[in-house]
Amino acid sequence: MSVPTPKKLLNVLRGNREKVPPVWLMRQAGRYLPEYRALRAEKGGFLELAYDSDCAAEITIQPIRRFGFDGAILFSDILVIPHAMGQDLWFETGEGPRLAPPLVDHDFEKLVPAPERLNPVFETVRKVASALSPETTFLGFAGSPWTVATYMVAGQGSKDQAEARRMAYGQPERFSELIDRIIIATVDYLSGQIEAGVDAVQLFDSWSGSLSPAQFEQWVIAPNAKIVAGLKTRHPDTPIIGFPKGAGGKLPAYARETGVDAVGVDETVDPVWANEYLPAGMPVQGNLDPLALIAGGAALDSAVQRILGAFADRPHIFNLGHGILPDTPIEHVEKLLTLVRKG
Ligand code: CP3
């Protein structure tokens, strides 16, 4: 039996239903908030913020201060792992992340690991953990190996992850070795976050939707299962949320086979279907369309009611199906909280 907790979100992750579901939003710290934009303008860039533990701690707390979400998510990025594995990392304005050298034409054996690059992140965790109120659940996170590998191989984001899929088919042993290295780095990284003070962690597999069923088994389910097993050996009481975005019909297999404690569902999945096909009693997180939040009004109202209704009988954490978009009106976030919490 675990100790009772005032943290509602953590309680749900332990498999208990809360009458009013706890709420947080993926990417809740970010550009839709004027206080974030102000700090970013002052510091000059995203990575400058992420690696400055005072700034990153402040940004992690900004949405909690403004909205009173039930969960705070560490302000960092999934690409700090490739950075710590020895790739250079920067963000091209208006375009997105760049990693060099791209592994499509470079041996990862030649990268010089730089694990000390993660130290400011652990420092951020310690600062946030000591500042949050006892009711707020603190979430750490990492990217899942497949999603991280897609960026490491191509050196940037892409629409269809073709470079990584090509390598996975054409050089499966080499690709498997890369995935194994990411697994080891990720288990260490998430253990470090847990030891520094997060209550639970989320694995983001943003590009899991681009894989065929057999490849999904090999590059999504199997590596996530290894991370879960590694973390459970070291930290058996820390819940793990798995978020295989785009998994669709492969979601129930992911939920059963990876060992995650809770599963995140994106907005393309019908919540009634998810409730029926996901394992009974497993906590589910999701799944409002970020564009319904931008729209507001009746569209927001009905989407929220449908999700609340579908998950009424199981442990549920209210969230978006993917990250909040920069042009989301603040008042719509406030409205969402009222809708979810009116009970
Ligand atoms: O949820 C949170 O608030 C925590 C912080 C967080 C960020 N990135 C901050 C961020 C988390 C959990 C992530 C995850 C992440 N990062 C993913 C997986 C989830 C997803 O969104 O699919 C991926 C694929 C990345 C890689 C990444 N980081 C990209 C492709 C980009 C550029 C696109 C964009 O939105 O600008 C980033 C930058 C990034 N990471 C920003 C933030 C707040 C935007 C920074 C800015 O321009 O100020």
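The values are calculated or read from the model by the stated rules, or taken from the named source; none is laboratory data. Predicted model, so just to flag it, every value in this text is computed and none were measured. All Cβ positions, even for glycine, are placed from backbone atoms using ideal geometry, and neighbour counts span all protein chains on display. Note: areas computed on protein heavy atoms with side chains; ligands, DNA, RNA excluded. Shrake-Rupley method; radii C 1.70, N 1.55, O 1.52, S 1.80 Å.
When you scan region 16-31, do you find a residue that is over 16 Å from the mean Cα position of the chain (by Cα) and over 30 Å from A310 (Cα atoms), even just one? Yes, because at least one residue in region 16-31 is over 16 Å from the mean Cα position of the chain (by Cα) and over 30 Å from A310 (Cα atoms). Under the condition of being open to solvent by 50 Å² or more (accessible area, probe 1.4 Å) and farther than 27 Å from Q62 by Cα, the residues counted in region 124-173 number 11. Being touching a strand residue (DSSP E or B) at 6+ places or on another chain (Cβ under 8 Å) and in a strand (DSSP E or B) is a property that does not hold for L231. Within region 308-335, if we keep just the residues that are over 17 Å from the mean Cα position of the chain (by Cα), within 16 Å of the ligand (Cβ to nearest atom) and surrounded by 18 or more Cβ atoms within 10 Å (Cβ to Cβ), the residue that is nearest to L10 (Cα to Cα) turns out to be V333.
Put simply, of S206, S191 the only residue that is buried (at least 21 other Cβ atoms within 10 Å of the Cβ) and in contact with a Lys or Arg (Cβ under 7 Å, 6 or more places away or on another chain) is S206. For A196, the criteria (1) surrounded by 23 or more Cβ atoms within 10 Å (Cβ to Cβ); (2) touching a Lys or Arg at 6+ places or on another chain (Cβ under 8 Å); (3) closer than 30 Å to V3 by Cβ hold in every case but one, which is (1).
Quick check, is V112 open to solvent by less than 30 Å² (accessible area, probe 1.4 Å), β-branched (V, I, T) and over 30 Å from F318 (Cβ atoms)? When the stated conditions are applied, V112 does not pass them. Against the test of being within 14 Å of the ligand (Cβ to nearest atom) and within 20 Å of the chain's Cα centre (by Cα), the options G94, G140 yield a single qualifying residue, G140.
In region 52-65, the qualifying residues are those that are more than 21 Å from T328 (Cβ to Cβ) and in a helix (DSSP H, G or I), and the one that is nearest to the ligand (Cβ to nearest atom) is A56.
Per-residue answers, yes or no, for (1) part of a loop (DSSP other than H, G, I, E, B); (2) surrounded by 21 or more Cβ atoms within 10 Å (Cβ to Cβ); (3) out of contact with any Ser or Thr (no Cβ under 9 Å at 6 or more places or on another chain):
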position: R37; (1), (2), (3): no, no, yes
position: A72; (1), (2), (3): no, yes, no
position: F75; (1), (2), (3): yes, yes, no
position: G86; (1), (2), (3): yes, no, yes
position: F91; (1), (2), (3): no, no, yes
position: E116; (1), (2), (3): no, no, yes
position: F122; (1), (2), (3): no, no, no
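The criterion of being of a type outside the set (A, V, I, L, M, F, W, C) and more than 16 Å from W24 (Cα to Cα) holds for G296. How many of the residues in region 210-238 are within 16 Å of the ligand (Cβ to nearest atom), farther than 21 Å from M85 by Cβ and touching an Asp or Glu at 6+ places or on another chain (Cβ under 8 Å)? Going through region 210-238 one residue at a time, the tally reaches 1. Taken over region 234-256, the criterion of being β-branched (V, I, T) and in a strand (DSSP E or B) is satisfied by I240, I241. Residues in region 251-268 that are closer than 13 Å to P213 by Cβ and crowded, with 20+ Cβ neighbours inside 10 Å: 2 in all.
Residue count for region 46-70 under the criterion of being open to solvent by less than 10 Å² (accessible area, probe 1.4 Å) and in contact with a strand residue (DSSP E or B) (Cβ under 9 Å, 6 or more places away or on another chain): the result is 3.
This table checks each residue for (1) under 30 Å from E177 (Cα atoms); (2) within 12 Å of the ligand (Cβ to nearest atom).
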position	(1), (2)
L9	no, no
P22	no, no
Q28	no, yes
A50	yes, yes
G71	no, yes
L74	yes, yes
R98	yes, yes
